Amino acid sequence: MTATIPDMLNQRSCVGHQHLERTALVLHHLRPLARGGKDVTETNGIWMCPNFHVSVHTILDELEKEAMRGPASTPNNVIRQLNEKWRMTFPVIARGIAYKGWQMYGGEMLAGRWNRSVELWTTDGTPTDIGVLPYSQVMHLSRIRKRLLGVERRL
């Protein structure tokens with residue numbers, strides 16, 4: 001049985017660990033929205049507590065930094081390079097979720113497709129510079145622009 005969004009907002013366990021008290025869960029997109037992921041819960045989402053969510057994004061951000069540092073021919077090579085460093089820092093489940101997401105877009109990033117996005121936003125869509133809007137706001141403005149352009153074409 002699939003849990004509904006209201007069910008997931010007040011749980012004692014997330015995908016990473018159990019909580020003693022009920023806690024709100026957040027939706028983690030396996031392939032980050034800021035890296036071309038779709039906002040589809042069934043195929044690109046996992047519910048987790050905010051602390052666990054930060055851990056997964058920290059690993060993803062480090063994978064990207066490692067990929068930018070030197071030559072790595074495949075996403076798996078980047079994982080291997082970073083795995084020893086993070087083995088004792090983050091739980092296996094957090095690393096596994098981050099690695100799965102990285103494998104979804106890492107090859108494109110290694111080919112240079114997401115370089116501009118990496119410069120502007122972290123994997124959770126947070127701006128890397130004070131003059132940059134959050135990724136979610138940029139996408140919202142983009143949707144509005146597309147609607148307005150569609151209206152103009154019909155006139």
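The values are calculated or read from the model by the stated rules, or taken from the named source; none is laboratory data. It should be emphasised that the depicted structure is a prediction, and the values quoted were computed from it without experimental measurement. Note that we place each Cβ from the backbone using ideal geometry, even for glycine, and neighbour counts take in every protein chain shown.
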Restricting the search to region 20-59, which residues are among the aliphatic types (A, V, I, L, M), over 13 Å from the mean Cα position of the chain (by Cα) and part of a strand (DSSP E or B)?
LEU20
Among the residues of region 117-136, count how many are within 16 Å of the chain's Cα centre (by Cα) and more than 23 Å from ARG80 (Cα to Cα).
11
Close pairs from region 126-148: first among the hydroxyl-bearing types (Ser, Thr, Tyr), partner part of a helix (DSSP H, G or I), Cβ under 7 Å, at least 6 apart:
THR128/GLU119; THR128/LEU120; TYR135/LEU33; TYR135/ALA34
Across region 56-86, the tally of residues that are of a type outside the set (A, V, I, L, M), closer than 16 Å to ARG31 by Cα and free of Cβ contacts under 8 Å to residues at least 40 places away in the same chain stands at 4
If you scan region 127-155, which residues turn out to be surrounded by fewer than 14 Cβ atoms within 10 Å (Cβ to Cβ), among the β-branched types (Val, Ile, Thr) and at pLDDT 90 or above?
THR128, ILE130
When residues of region 48-101 are filtered for being more than 18 Å from VAL15 (Cβ to Cβ), surrounded by 15 or more Cβ atoms within 10 Å (Cβ to Cβ) and of a type in the set (Lys, Arg), how many remain?
0
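Just to be sure before I move on: is LYS100 closer than 19 Å to HIS29 by Cβ and not β-branched (Val, Ile, Thr) in the structure I sent?
Yes, satisfied.
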Given (1) modelled with pLDDT under 90; (2) over 16 Å from the mean Cα position of the chain (by Cα), where does TRP114 come up short, assuming only one miss?
(2)
Checked pairs for region 24-38, first closer than 15 Å to ALA98 by Cβ and at pLDDT 90 or above, second among the β-branched types (Val, Ile, Thr) and assigned to a loop (DSSP other than H, G, I, E, B), C-beta under 6 Å and 6 or more apart or across chains, list as PRO32/THR123
